[in-house]
Amino acid sequence: QTKLYSEELIGVEALIRLRHPQQGLISPVDFIPVLEDTGIIVTLGEWILRTACNQLRAWQDAGLPLDHVSVNVSALQFRNHKRLFQCVAECLKVTGLSPECLELELTETLLLEDTDSAIRTLARFKDMGIGVTIDDFGTGYASLNYLKRFPADALKIDRSFIQGVISVPTDAAITVATIDMAHALGLTV
């Protein structure tokens, strides 16, 4: 992640990838649903969170000017919010990172499953000082009323709009409108 105008590196996002010995790199679209269906995603998500926090700590200790690491949270992890809170608190304690160094990314669709519960859970993370980003925005049919209620810091516009921003006028219009709206709500885009 970089600042747009200065191109200064300020943070990173932890992403998991799977390389099969014969098939090569497998898309997350193909393997994440399997991990979710089997429940393995919770344990893997916790490992990703610990690994990301440890790596950020190592980079900061080495003098790299990185402010934060973003970690995607699966639906199963988010639904088990007590376990997620415990894992996050433990990762921050073990690494000595301040809560502001961690940003959790949740998809718009996930937040719409049980809006009131999601708002309470996000508020608790915000109270801890942890950043919250709504990922894949524009695909989950969130009303503007929901958007203003979610205690989030940032919005990531879904790639389906961004990919056509140069060549598809409607994608450009939706993207510009989303950026303007998010900025009016005090969100980073």
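Considering only residues that are within 28 Å of Glu7 (Cα to Cα) and among the polar types (S, T, N, Q), which ones fall in the stretch 59-101?
Matches in the stretch 59-101: Gln60, Ser70, Asn72, Thr95, Ser98.
So that you can scan it fast, the table gives a plain yes or no per residue for (1) open to solvent by 20 Å² or more (accessible area, probe 1.4 Å); (2) under 15 Å from the mean Cα position of the chain (by Cα); (3) under 22 Å from Glu46 (Cβ atoms); (4) not charged (D, E, K, R):
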{"residue": "Lys82", "(1), (2), (3), (4)": "yes, no, yes, no"}
{"residue": "Phe85", "(1), (2), (3), (4)": "no, no, yes, yes"}
{"residue": "Lys126", "(1), (2), (3), (4)": "yes, yes, yes, no"}
{"residue": "Ala154", "(1), (2), (3), (4)": "no, yes, no, yes"}
{"residue": "Ser160", "(1), (2), (3), (4)": "yes, no, no, yes"}
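Would you confirm, using the coordinates I've provided, whether Leu185 is open to solvent by less than 50 Å² (accessible area, probe 1.4 Å) and of a type in the set (A, V, I, L, M, F, W, C)?
Judged against the criteria, Leu185 is not a match.
So, in the stretch 87-124, of the ones that are at pLDDT below 95 and more than 23 Å from Ile41 (Cα to Cα), which residue ends up surrounded by the most Cβ atoms within 10 Å (Cβ to Cβ)?
In this case the residue turns out to be Ala123.
Just give me the residues in the stretch 162-182 being touching a Phe, Trp or Tyr at 6+ places or on another chain (Cβ under 6 Å) and open to solvent by less than 50 Å² (accessible area, probe 1.4 Å), in sequence order.
Correct list: Asp171, Thr175.
Sort out which residues of the stretch 61-82 are farther than 24 Å from Arg17 by Cα and not aliphatic (A, V, I, L, M), and write them in order of number.
Hits for the stretch 61-82 are Asp61, Gly63, Pro65, His81, Lys82.
Which ones in the stretch 1-57 are open to solvent by 40 Å² or more (accessible area, probe 1.4 Å), touching a residue at least 40 places away in the same chain (Cβ under 8 Å), not hydrophobic (A, V, I, L, M, F, W, C) and not in a helix (DSSP H, G or I)?
Residues satisfying the conditions are Gln1, Glu8, Glu13.
Scan the stretch 164-178 for residues that are at pLDDT 85 or above, under 16 Å from Thr139 (Cβ atoms) and of a type outside the set (Val, Ile, Thr) and jot them down.
Ala177
The values are calculated or read from the model by the stated rules, or taken from the named source; none is laboratory data. Predicted model only: the values in this text are computed from it and were never measured. FYI the Cβ positions are ideal-geometry reconstructions off the backbone, even for glycines, and counts take in every protein chain you see. Ligands, DNA and RNA are excluded from the accessible area calculation, which covers all protein heavy atoms including side chains. Shrake-Rupley method; radii C 1.70, N 1.55, O 1.52, S 1.80 Å.
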